[in-house]
Amino acid sequence: MRALLGIAILLIVIWAVARIVGFVAGAMLNLLWIVALVLLVIWLVGFITGRNRV
């Protein structure tokens, strides 16, 4: 009976860690999209104004 309790607690801990890791990974993916869009806008502004010509 004690082993079953230990397994249940271990599974709950693994589930909680997986939820936290999933949340952090999702937040990082959203940040990557935001950074990509900001860099695209900066590049477009430079392209339109002709500042990136060497």
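The numbers here are math on the coordinates, done by the rules we state, and not lab data. Predicted, not measured: the structure shown is a model, and the values here were computed from it. With ideal geometry, Cβ positions are generated from the backbone for all residues, glycine too; neighbour counts draw on all protein chains shown.
The table below lists the values:
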{"read-out": "Label-point separation in nm, residue 1 to residue 18, each point 7 Å along Cα→Cβ", "value": "2.9 nm"}
{"read-out": "Read-out Rg and Dmax of the Cα atoms in Å, derived from the coordinates shown; its label in (i) 20.3, 50; (ii) 13.4, 44; (iii) 22.9, 74", "value": "(iii)"}
{"read-out": "Estimated [θ] at 222 nm from DSSP helical runs (n ≥ 4, -39500 (n - 2.57)) normalised by residues in the chain, nearest 500", "value": "-33000 deg cm²/dmol"}
{"read-out": "On Cα atoms only, tilt of 2-49 relative to the major axis of the chain in degrees", "value": "0 degrees"}
